[in-house]
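The next block holds one structure in the form of structure tokens; read it before the comments.
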Amino acid sequence: MADSYLSFKEIDRTVLSTLEPATRRYWTAVVLLAGGVMLGAACWAYQIATGIGVGGQNNPVAWGTYLINFVFWVGIAHSGTLISAILHLFRAGWRNPIARAAETMTVFAVCTAGLFPFIHLGRPWMVYYMIPVPTQRTLWPNFQSPLMFDVVAISTYLTVSSLFWYTGMLPDLAIIRDRAPEGSIRKKIFTILALGWTGAHEQWRHYARTYLFFAALATPLVISVHSVVSWDFALGVVPGWHTTIFAPYFVAGAIHSGLAMVLTLMIPLRRIFKYERIITVTVLENVAKTIIFTGLIVAFAYGTEFFIAWYSHNAAEAAIFKWRPTGDYRIGFWIMVVCNTLVPLLFFFRKIRTSLGWLFGISILVNIGMWFERFVIIITSVAHDFIPYAWGNYAPTLVEFGIMVGSFSLFFLLFILFVKHMPSVSMTEMKELTHPGGQEHG
Amino acid sequence: MGKRFVMGLFENENAAVAAVAAVTEKAWNVEKTHSPIPSSALAEALKLKKSRVGYFTLAGGIFGFFFGFVLAGFTATRWDLIVSGKPIVALVPFFIVGFEFTILFAVFGNIIGMLTQARLPNWKRDRFYDERCSGEHFGVLASCPEGEEKNLAGLLTAHGGEVTVHDA
């Protein structure tokens, strides 16, 4: 929980001080990340000019890092909604200090994820085939396809999470407007963005209700989105994919990776912006405890996959699950198992889950493990399909690595631009938390 | 007889709630309150009714469900081609589309509900609004007939308010 002795004034002062003009180190980081984005953009441009063959995807592995990164970033997006919507409904007060940054992470992660289907298309201008408008051949999208479920689910998720994020920011935007010097550009910008919010009782009455409904709607949405992503695989009759546990398995994995990313972002943010009294160690500890829980679910899912392969007596299924831990991609498999299921168990030790160094280190390992989970799921299943003579391996090319660096740079660039120019902690929700007898909005 | 407005700024919620109760007891009007956080105590003192935003949300959700279902069915019947042995109008996969559109349009309804009910955006400057109310103060704007403003201001001051008297 945040420091309950924080006054409203101190909360405002702490958060508003983060909007002061940036230092040279900040702009250096911005330039470096922008360089990474340019590298990714250049690789993508090269791929468009030369052809999709510059990536490593080929028969039989037609889905490579582009799809791995797509699933990875959609997964990262999930814990933002878990923290802002689901924990809001459960009235878990510890989520208030980190809710804004987690929502921001959600929006930017979905934006980053959304780029990958375009990149994977090879000819991105053909994307209009997936939009429900008649083409010149009056050919409409086929909504029976899980790829079309994906288009609908991801665009809904991006729209809903962006609106939820902006609505949650309204009272904070008004605070910045009211503290900005008269006649300044900041005052003008935030006057427009705040939409005329004054905290009048009539505004709060409708706002609180709206926020509650937002949380109630975002909760089933977040579960549906990663379920839909899992059906991109589970609806294909491919060993290692065609299983009914994929939806809950993917949702748990998404929250696992997202929570780890929350720690990866919050620990430096807390130090740089001097948020120690707002994002307390207890808050980070609660995230770590939730990671233990999601890690156990993920471990159970890994075990269940092997059990199904054995119990079903399906030869193809058994073969793929024998190959994963022992075959060409065994290193990826063991990174996945160790980082996602064993390493988070260290959080059972209080000393570890209250140490910032350990928290940060373990969060990075879980991120790596979750990236490899998507690698193992996507690559191994199609690399060793039903017919042995059609087997083939896959390795990402430099172009794919360049695009991956670009995607990570884009995500972190958007995040650091946001936290320096907008309120990275919800001042209003912090006030609700420290206010004796105060209610949460909604 | 003209109307006078008195704004009282309070440093805590309890004082603002007590002031609202005292003003209404004296048969003066509480025109508006401003607070940095949503206050259930203030809402109770003002006897606010439940917001009707939910009706907009519900309407949006119902529209979205049918819209998603009809859209998927319509596009499928434009090209009567059986794919993967599924019927042309396949209820199970279309339910997913219907579900996603339910959430999407319910959220649109929710936003429209909030904007219309809370009258946002409203960039016209509220002359009674004190910018400290977005930070740490609770503002109570009360009105009274001309000539009674001193009594009203006195009442708000007695409850710990910092008072400003405005003309109509």
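Looking at this structure, is A:ILE368 β-branched (Val, Ile, Thr) and either within 29 Å of A:ASP172 (Cα to Cα) or over 17 Å from the mean Cα position of the chain (by Cα) (or both)? Full working, then the answer.
Values: β-branched (Val, Ile, Thr): yes; either within 29 Å of A:ASP172 (Cα to Cα) or over 17 Å from the mean Cα position of the chain (by Cα) (or both): no.
For A:ILE368, the condition - β-branched (Val, Ile, Thr) and either within 29 Å of A:ASP172 (Cα to Cα) or over 17 Å from the mean Cα position of the chain (by Cα) (or both) - is not met.
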Filtering the range A:142-183 down to residues that are assigned to a loop (DSSP other than H, G, I, E, B) and either facing chain B (nearest Cβ under 7 Å) or crowded, with 24+ Cβ neighbours inside 10 Å (or both) yields A:ASN142, A:PHE143, A:GLN144
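So which helices (runs of 4 or more DSSP H) stay within the range A:338-439 end to end and still have 3 or more residues that are not charged (D, E, K, R)?
Details: elements: A:350-353, A:356-375, A:398-421, A:427-434.
Those helices (runs of 4 or more DSSP H) span A:356-375, A:398-421, A:427-434.
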Determine whether the range A:82-104 contains at least one residue that is within 14 Å of another protein chain (Cβ to nearest Cβ) and acidic (Asp, Glu).
-> no
Residue check: is A:LYS274 at positive phi, of a type in the set (D, E, K, R) and out of contact with any Leu (no Cβ under 6 Å at 6 or more places or on another chain)?
-> yes
Filtering the range B:92-151 down to residues that are within 23 Å of A:LYS188 (Cα to Cα) and of a type in the set (Phe, Trp, Tyr), which residue is surrounded by the fewest Cβ atoms within 10 Å (Cβ to Cβ)?
-> B:TRP123
Are there any pairs with C-beta distances below 6 angstrom linking a residue in the range B:22-34 that is touching a residue at least 12 places away in the same chain (Cβ under 8 Å) and within 10 Å of another protein chain (Cβ to nearest Cβ) to a residue that is among the hydrophobic types (A, V, I, L, M, F, W, C) and not in a strand (DSSP E or B), with the two at least 6 apart or on different chains, and if so which?
-> B:VAL30/B:VAL20; B:VAL30/B:VAL23; B:THR33/B:LEU42; B:HIS34/B:CYS133
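Do we have any residue at all in the range A:259-281 that's of a type in the set (Phe, Trp, Tyr), without any contact (Cβ under 8 Å) to a residue 60 or more places away in the chain and touching a helix residue (DSSP H, G or I) at 6+ places or on another chain (Cβ under 9 Å)? I'd like the intermediate steps shown before the answer.
The initial filter retains those residues of the range A:259-281 that are of a type in the set (Phe, Trp, Tyr), namely A:273, A:275.
Filter again for without any contact (Cβ under 8 Å) to a residue 60 or more places away in the chain, leaving none.
No, the conditions are met nowhere in the range A:259-281.
Residues that are aliphatic (A, V, I, L, M), without any contact (Cβ under 8 Å) to a residue 40 or more places away in the chain, assigned to a helix (DSSP H, G or I) and facing another protein chain (nearest Cβ under 8 Å): does the range B:90-102 have at least one?
Start the filter on the range B:90-102 by keeping residues that are aliphatic (A, V, I, L, M), which leaves B:90-92, B:96-97.
Subsequent filtering for residues that are without any contact (Cβ under 8 Å) to a residue 40 or more places away in the chain retains B:90-92, B:96-97.
Then keep just the ones that are assigned to a helix (DSSP H, G or I); that gives B:91-92, B:96-97.
If we keep only those that are facing another protein chain (nearest Cβ under 8 Å) too, we end up with B:96-97.
For the range B:90-102, residues aliphatic (A, V, I, L, M), without any contact (Cβ under 8 Å) to a residue 40 or more places away in the chain, assigned to a helix (DSSP H, G or I) and facing another protein chain (nearest Cβ under 8 Å): present.
Of the residues in the range A:301-356, how many are of a type in the set (Val, Ile, Thr) and within 20 Å of A:PRO248 (Cβ to Cβ)?
Matching residues across the range A:301-356 total 4.
Residues checked against (1) within 22 Å of the chain's Cα centre (by Cα); (2) crowded, with 17+ Cβ neighbours inside 10 Å:
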{"site": "A:ARG24", "(1), (2)": "no, no"}
{"site": "A:ALA45", "(1), (2)": "no, no"}
{"site": "A:GLN57", "(1), (2)": "no, yes"}
{"site": "A:VAL74", "(1), (2)": "yes, yes"}
{"site": "A:ALA85", "(1), (2)": "yes, yes"}
{"site": "A:LEU89", "(1), (2)": "yes, no"}
Hits in the range B:44-60 (condition: buried (at least 20 other Cβ atoms within 10 Å of the Cβ), part of a helix (DSSP H, G or I) and at the interface with chain A (Cβ under 8 Å from one of its Cβ atoms)) | B:VAL53, B:THR57
Considering each of A:LEU195, A:LEU139 in turn, give the residue that is in a loop (DSSP other than H, G, I, E, B) and touching a Pro at 6+ places or on another chain (Cβ under 9 Å).
-> A:LEU195
What about B:VAL23, is it surrounded by 21 or more Cβ atoms within 10 Å (Cβ to Cβ), over 22 Å from the mean Cα position of the chain (by Cα) and part of a helix (DSSP H, G or I)?
-> yes
Going through the range B:62-83 in order, the residues found to be at the interface with another protein chain (Cβ under 7 Å from one of its Cβ atoms) and assigned to a loop (DSSP other than H, G, I, E, B) are B:ARG78, B:TRP79, B:VAL83
Residues that are without any contact (Cβ under 8 Å) to a residue 12 or more places away in the chain and not β-branched (Val, Ile, Thr), drawn from the range A:133-154 = A:PRO134, A:GLN136, A:ARG137, A:LEU139, A:TRP140, A:ASN142, A:PHE143, A:GLN144, A:SER145
Which one of these does A:GLN136 not meet: (1) touching a helix residue (DSSP H, G or I) at 6+ places or on another chain (Cβ under 9 Å); (2) more than 9 Å from every other protein chain (Cβ to nearest Cβ); (3) over 24 Å from B:PHE108 (Cβ atoms)?
-> (1)
What residue, of A:VAL382, A:VAL405, A:VAL399, is of a type in the set (Val, Ile, Thr) and either within 17 Å of the chain's Cα centre (by Cα) or surrounded by fewer than 17 Cβ atoms within 10 Å (Cβ to Cβ) (or both)?
-> A:VAL405
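Coordinate-derived values only; no laboratory data. Since the model is a prediction, treat every value here as computed from it, not as a measurement. Please note: Cβ atoms are built from the backbone with ideal geometry, for glycine as well, and neighbour counts cover all protein chains shown.
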